[in-house]
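What follows is a short report on a single structure.
The values are calculated or read from the model by the stated rules, or taken from the named source; none is laboratory data. Here the structure is a predicted model, which is why all the values come from computation and not from measurement. Cβ coordinates were reconstructed from backbone atoms using ideal geometry, including for glycine residues, and neighbour counts include every protein chain displayed. Heavy atoms of the whole protein, side chains included, go into the accessibility calculation; ligands, DNA and RNA do not. Shrake-Rupley method; radii C 1.70, N 1.55, O 1.52, S 1.80 Å.
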Amino acid sequence: MRSMTGYGRGQSVNNGSKFSVELNSVNRKQSDVVVTLPRELAELEPRVRDVINAEVTRGRLNVVVAYHPGTTTAQNLALDRQLAQHYFNAMLDLQREPGAKGEINIETVLRAPGVLRTPEEQVLPEEAWPHVEIALKEALHDLVVMREREGKHLAKDLIRRLKIVRGCIRQVRARQPDVVKRYRELLHERIKRAGLDLAIDDDRLVKEVVVFADKSDISEELTRLESHFVQFAHHLRKNEPVGRTLEFLCQEIAREFNTLGAKGNDVEISQLVVTCKAEMEKIREQIQNTE
């Protein structure tokens, strides 16, 4: 089980240049990957997403890929002579127009965009990808390790809270048989106070008790709850994304608790159900951070 919160960083060095990748993830119901790449490497975004989606299935993930070129010198600068000539010809045409003033020199041409390129501007996506992939996988490994570590802490807290809920349900199960008995005694006492002469085994009295017992029977809800708890505990031990499954189980458990509270017909059972609902709400909040 993994948390959706994590951070990872990786880098790869090539001939003095460095590629680095930083990942950070936070809660999000669906998978949402935001990739930031240098302009020259923009076409690598689909590859970056494919590597991430193979490991991460849920959460908002921010990916920042950076390229740090080596020291810039005159030897590793690139001059685009053809582009420089185009700029120069365009400037000459503009200068011939009436009213156009100014001097065209080599400095003017060199300042034009793209004429003089730095190593960062020279990097090619195909050449960069092996190094970006190395840095990305290193960062992704760190991210997954952190998410798994956080997931273990989450699992421990969820197991502790689940034990509290199951303990309350055991008390409900133990108390259930006495609910009908107490109702029968209370009903008989009311009849006596009303001055009615009815024996405890009178058919009308027995029928009333049977109807009450049928309406307040919570055995099915208790059985389904126990099944949900077993499944919940089982998924907590899995080494795969279980967040959506746990969310579904929480919804089913909450539905059973609502029915339990309505049918219980007992103050102590109602109090136990309220305690269970409070713990399940805390469990549900924790699951919001589970992949």
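Quick look at the values:
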item: Heavy-atom SASA rank of Ile52, Ile104 (probe 1.4 Å, accessible area, largest first); result: Ile104, Ile52
item: Carbon + sulfur, % of accessible area of region 1-45 - ligands and nucleic acids excluded, 1.4 Å; result: 43 percent
item: Around Ala278: net Lys/Arg minus Asp/Glu count, Cβ-Cβ under 12 Å; result: +1
item: Reciprocal mean inverse distance between Cα atoms of region 227-291 - Kirkwood radius, Å; result: 12.6 Å
item: Solvent accessible area, Å² - Asp32, 1.4 Å probe, full protein context; result: 40 Å²
